[in-house]
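For reference, the structure is listed below as C-alpha cells.
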Amino acid sequence: MAAPPERRCWEREQARLKAGVVEQDTEEWQKDPNFAGLERVGGVDLSYIKGDDTSACASLVVLSYPALQVLYEDCRMVAVTAPYVAGFLAFREVPFLVEAVQRLQQEEPKLRPQVLLVDGNGLLHHRGFGVACHLGVLTDLPCIGVAKNLLQVDGLARDELHREQIRSLQRSGDTFPLTGTSGRVLGMVLRSYNNSSKPLYISVGHRVSLDTAVRLVRSCCRYRVPEPIRQADIRSREYIRKQLCAPLEVRPARPESSKKETELEDESDT
C-alpha cells in the first residue's frame, strides 16, 4: 500500500490531469457513421509473470481499420516499481505505455494510431479518471476504456438487477447504460460478441464520446475482446515466453484480479 504522502500526491496529480479530459468527439472520422477516415487503431496491455509483481511486458500494437491487421508491434520487458493501489493503477502502468507511444512516434510516425483502446476504465472510476483518461491526456490521443469487469463506484453494483440487465443483452451490439446514484452515465455495458454472454464495460477516456466509443469497440470485435487489446495481450504474453525460454504463465496487470480471462484458452468467449 502506498504511504499516505504518496497517495495524496497521486490524488493531486489525478485532479490536475483530469482537468484536461475532453469527453466529446474531436476528430472528423468520429462523426462519420462508418468511421470514414479512420485507418489505424491502437491497443495497449501489460502482462505480468505469475508470481512476480515487478516484471512485466508492456505492449502496444497498431491495427489497420477496418481490416484489423497488425501494422506495428512494440513489446518491451519493464520493471514495475510503483505499488498497486486501488484507483491509482495508472501510476503503476501508464509511464511504460506513454514510452511505447513515444517510441512509435519517433520510429514510425506514419503508423501513429488515431485512437487507443485501453484494457481498463476511463471515466468509470472512483475519481472519474481511470487509466484510459490518464493515458489519453498524457499522449493527447483519443482513448477508450474497455474493462471486462464492473468497477463498483457511484452506487454501481454487481447485484441481481445488474445480472438481470446483462441477461437482457441478447445479441451482439446490445447495450445498457451505467448510471450512478449521482445520475451521471459513467459508461455503457456492451454485449460485443454473440457467442459470449459476458459483456464489456465501455467508458470514455479522452477525446471521444461514449456513443462513438461503443460503436468503435463493437466494430473492432471478432471475439469478445476488441482485436487491438486482444492482440496486445496475446503478443505481450508470447514475448514473455520467448524472453524466458519457457512456457510460463503470465498474470494480469491488476493484482486484485485472480485470473485474467485469456483469449487463447477459449476463442469463442473472447
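The values are calculated or read from the model by the stated rules, or taken from the named source; none is laboratory data. Please read these numbers as outputs of a predicted model, since none were measured by experiment. Cβ placement follows ideal geometry from the backbone for every residue including glycine, while neighbour counts extend to all protein chains displayed. Just the protein is used for accessible areas: all its heavy atoms, side chains included, with ligands, DNA and RNA removed. Shrake-Rupley method; radii C 1.70, N 1.55, O 1.52, S 1.80 Å.
Points worth noting:
- Residue in segment 132-142 that is farther than 19 Å from residue 84 by Cβ, open to solvent by less than 40 Å² (accessible area, probe 1.4 Å) and either in contact with a Cys (Cβ under 6 Å, 6 or more places away or on another chain) or polar (S, T, N, Q) (or both) present: yes
- Scanning segment 88-95 turns up no residue that is modelled with pLDDT of 95 or more and touching a Ser or Thr at 6+ places or on another chain (Cβ under 7 Å).
- Pairs meeting the criteria (first residue in segment 105-126 and closer than 19 Å to residue 210 by Cβ, second residue open to solvent by 40 Å² or more (accessible area, probe 1.4 Å) and hydrophobic (A, V, I, L, M, F, W, C), beta carbons under 7 Å, at least 6 apart or on different chains) are 121/151; 124/151; 125/151.
- Filtered residues of segment 77-109 (kept if of a type in the set (D, E, K, R) and within 16 Å of the chain's Cα centre (by Cα)): 92, 93
- Once segment 200-228 is narrowed to residues that are open to solvent by less than 10 Å² (accessible area, probe 1.4 Å), touching a Ser or Thr at 6+ places or on another chain (Cβ under 9 Å) and part of a helix (DSSP H, G or I), the residue that is farthest from residue 124 (Cα to Cα) is 217.
- Number of positions in segment 32-69 that are in a strand (DSSP E or B), open to solvent by 10 Å² or more (accessible area, probe 1.4 Å), within 20 Å of residue 143 (Cβ to Cβ) and in contact with an Asp or Glu (Cβ under 9 Å, 6 or more places away or on another chain): 1
- Here 187, 173, 128 are screened, and the one residue that is closer than 30 Å to residue 28 by Cα and crowded, with 23+ Cβ neighbours inside 10 Å is 187.
- Only residues that are open to solvent by less than 10 Å² (accessible area, probe 1.4 Å) and either more than 14 Å from residue 18 (Cα to Cα) or in contact with a Pro (Cβ under 9 Å, 6 or more places away or on another chain) (or both) were counted in segment 103-125, giving 7.
- Any hit, segment 165-172, residues being among the hydroxyl-bearing types (Ser, Thr, Tyr) and in contact with a helix residue (DSSP H, G or I) (Cβ under 6 Å, 6 or more places away or on another chain): no
- Filtered by the rule that a residue be touching a Cys at 6+ places or on another chain (Cβ under 7 Å) and within 23 Å of residue 65 (Cα to Cα), segment 10-44 gives a lone residue, 41.
- Every residue from segment 69-88 that is touching a residue at least 12 places away in the same chain (Cβ under 8 Å) and closer than 18 Å to residue 104 by Cβ: 70, 71, 72, 73, 74, 75, 76, 77, 78
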